[in-house]
Every structure is written in structure tokens, then in C-alpha cells.
Amino acid sequence: MQCPLLYRFRVIDRLPEKPSEAATRGTLVHAVLERLFDNPAVERTAGRATALIPGQWDRLLESKPELSDLFADDAEGERLSRWLAEAERLVERWFSLEDPTRLEPAERELFVETELESGLRLRGVIDRIDVAPTGEIRIVDYKTGKAPRPEYAEGALFQMKFYALVIWRLKGVVPRRLQLVYLGSGDVMTYDPVVADLERVERKLQALWEAIRLATETGEWRPRPTKLCGWCDHQAVCPEFGGTPPVYPLSVRAAESGQGVQGTMGPVRAGTGRPAAVEGP
């Protein structure tokens, strides 16, 4: 939905992207908040949480050595220190938004997957699922950035409704609440979905998949310029910046007249023409 051509570069061409400090900090903070719940409730303090940061950073570097390139030119370690300090501030802010001593998550970093009647498979990883004693489900997602302005809130909720749809199809229960926790600005956004919401999301995903299928077959992935282009790693091969995309690696057929071509999610299974999988953000 953001940019069909960017989808092609990432999913079909698999062009490499440089790790970013912001995204990596988000991964680090998520790991800390997940691991904090390994401790008994009484020990889930801000001090214990921030003490987890160095060890989780070491684990990230061990699993993804390329992340060391982020601070390769930081001989004195000053940028790394500031970066880790910002991660600490984000973790500490979480304690002003939620009280982990009163939470016992049913699931953390839960991989979920389901297949719709059409054969389209949906999958994603949910940061946290809380289940009330009465059985109601709350889906929680941590964001290390700032909350969007109201006019952009629906875009942020789409991810959460996606997760709610998967849970609904898996368990037959509509989650009671969707909750976005924005550590960058200290805001909490909640939404209580109903069946009609999830049915609309399912129709939208089916339409997106059809657009992806057509674009995959025709090779027509159009750029969609926005303010986010300034952060894109692929400007050198994007027509909007005078670049030429790499040779399309899949066989193509001519688009039929009037077909719109755009897409954002997963590739068609080779040789089947059937849906493969749509992954949540």
C-alpha cells in the first residue's frame, strides 16, 4: 500500500537494505519488553528493564553481525552511547503507560498463521496478547515512534485489525481490544473491533492480493512517491530519482486493458497462480 515498486524491490528482487538506527533500536526495545516478563511481577521494574538493554544488544549483534556497521565509524563510542541512552528512555517511558506488575501476558512475540477460504494465507508476529479472566482478548503492539496524527490513525490501526482478523479466523473470537503503545510520544491508542471491521479488512486483503498477483504476472510495479521516499534505500534504481530498476527476474505477460497494478504483500507460489501468504507488518 505504501509503494508497489518498493514491494517489488524488497520481496521479488530482494535488494539489500542498510540497517537503520531507528529500526534497530525498535527491535532492541521490543526484545527488552518481551524478556522483562520472564521475571516475577514484583521484579518487573524500570531498573530491571533498562539493565536488560546491554545483554539484549549483544544478542542482537550475535544474531545479526551486520548491525555492527551502524556504529563502524564511531571509534569513541559516543553515538552508540547516545543510541543506547535513547533506548533506555523509551523503555522507561513504557512504565508510565502500562504497569507490568499487573500484567501476565498470555503470549509474547506470538507467530500466528491462518488460511482464508480463498487459499490466501495470513501470518504475522504479535507483540503481546493479554487474556482477561473472563476470556476477552487484547492485542498489544509496541511502537517506538510517535503516535500519528488523527487523520493517519486508520493506517496505524490496519496492522492491528489484520492481527485481529487472524485471531478471529483461528479461534472464532473477535478480540475485545486493540492497543497501540507509542513509546516515542507516550501515547496509547485503543480500538474495539467488531465483526464488520474484520470482514472489511478481509475484503481489502483479497483485493490487495489480486493486485499483487496481477503485478507479479505483468511485472508492472509502479512507484508511488511520498515524503517517505527520502528514507528509501533504493533511490538509485527508482525511476522517480532517474534510476532504472534491475531486470525483472520473473516471466511476464501483457497486462489486460484497464487492469490496475499495485501491491504490497507476498509473491504467488511458483507455478500455481494461487495465493501464497500475506504477512502482517
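The values are calculated or read from the model by the stated rules, or taken from the named source; none is laboratory data. Given the structure is predicted, the values throughout are model-derived calculations rather than measurements. Ideal geometry is used to build each Cβ from the backbone, glycine not excepted, and the neighbour counts take in all protein chains shown. To get the accessible areas, we keep the full protein, side chains included, count just its heavy atoms, and leave off ligands, DNA and RNA. Shrake-Rupley method; radii C 1.70, N 1.55, O 1.52, S 1.80 Å.
Take Pro54 and tell me if it is over 30 Å from Ile167 (Cα atoms), open to solvent by 60 Å² or more (accessible area, probe 1.4 Å) and touching a helix residue (DSSP H, G or I) at 6+ places or on another chain (Cβ under 8 Å). Explain how you work it out, then say what you get.
Working: over 30 Å from Ile167 (Cα atoms): yes; open to solvent by 60 Å² or more (accessible area, probe 1.4 Å): yes; touching a helix residue (DSSP H, G or I) at 6+ places or on another chain (Cβ under 8 Å): yes.
Yes, satisfied.
Do you know which of the residues in the range 157-197 that are assigned to a helix (DSSP H, G or I) and small (Gly, Ala, Ser) is surrounded by the most Cβ atoms within 10 Å (Cβ to Cβ)?
Step one: filter the range 157-197 for residues assigned to a helix (DSSP H, G or I), giving 157-171, 195-197.
Narrowing further to those that are small (Gly, Ala, Ser): 164, 196.
Details: Ala164: 26, Ala196: 8.
So the residue we want is Ala164.
Do we find a residue being surrounded by 15 or more Cβ atoms within 10 Å (Cβ to Cβ) and over 21 Å from Val32 (Cα atoms) anywhere in the range 148-156? Talk me through it step by step, then tell me what you get.
The initial filter retains those residues of the range 148-156 that are surrounded by 15 or more Cβ atoms within 10 Å (Cβ to Cβ), namely 148, 156.
Filter again for over 21 Å from Val32 (Cα atoms), leaving 148, 156.
There is at least one residue in the range 148-156 that is surrounded by 15 or more Cβ atoms within 10 Å (Cβ to Cβ) and over 21 Å from Val32 (Cα atoms).
Would you confirm whether any residue within the range 109-116 is within 20 Å of Glu34 (Cα to Cα) and open to solvent by 50 Å² or more (accessible area, probe 1.4 Å)? Even if it seems obvious, please write down each step before you answer.
Step one: filter the range 109-116 for residues within 20 Å of Glu34 (Cα to Cα), giving 109-112.
Pick out the ones that are also open to solvent by 50 Å² or more (accessible area, probe 1.4 Å) and you get 109, 111.
For the range 109-116, residues within 20 Å of Glu34 (Cα to Cα) and open to solvent by 50 Å² or more (accessible area, probe 1.4 Å): present.
Of Arg93, Arg123, which residue is assigned to a helix (DSSP H, G or I) and either of a type in the set (S, T, N, Q) or open to solvent by 20 Å² or more (accessible area, probe 1.4 Å) (or both)? Write out each step before concluding.
Working: Arg123 fails: assigned to a helix (DSSP H, G or I).
Of Arg93, Arg123, the one residue that is assigned to a helix (DSSP H, G or I) and either of a type in the set (S, T, N, Q) or open to solvent by 20 Å² or more (accessible area, probe 1.4 Å) (or both) is Arg93.
What number of residues in the range 59-99 are more than 22 Å from the chain's Cα centre (by Cα), aromatic (Phe, Trp, Tyr) and closer than 14 Å to Ala49 by Cα?
The total comes to 1.
Which pairs turn up if I take residues in the range 88-100 that are under 15 Å from Lys146 (Cα atoms) and look for partners that are of a type in the set (Asp, Glu) with beta carbon separation below 9 Å, at least 6 apart in sequence or on another chain?
Close Cβ pairs (under 9 Å, with a partner that is of a type in the set (Asp, Glu)) amount to Leu97/Asp187.
List the pairs whose first member sits in the range 130-153 and is in a strand (DSSP E or B) and at pLDDT below 95, whose second member is of a type in the set (A, V, I, L, M) and open to solvent by 70 Å² or more (accessible area, probe 1.4 Å), and whose Cβ atoms are under 6 Å apart, counting only residues at least 6 apart or on separate chains?
Here the result reads none, with nothing in the range 130-153 linked to a residue that is of a type in the set (A, V, I, L, M) and open to solvent by 70 Å² or more (accessible area, probe 1.4 Å).
Table: residues versus (1) farther than 21 Å from His30 by Cα; (2) under 16 Å from the mean Cα position of the chain (by Cα); (3) of a type outside the set (Ser, Thr, Tyr).
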site	(1), (2), (3)
Leu122	yes, yes, yes
Val125	no, yes, yes
Pro133	yes, no, yes
Arg138	no, no, yes
Lys161	no, yes, yes
Val174	yes, no, yes
Gly186	no, no, yes
Met189	no, no, yes
Val195	yes, no, yes
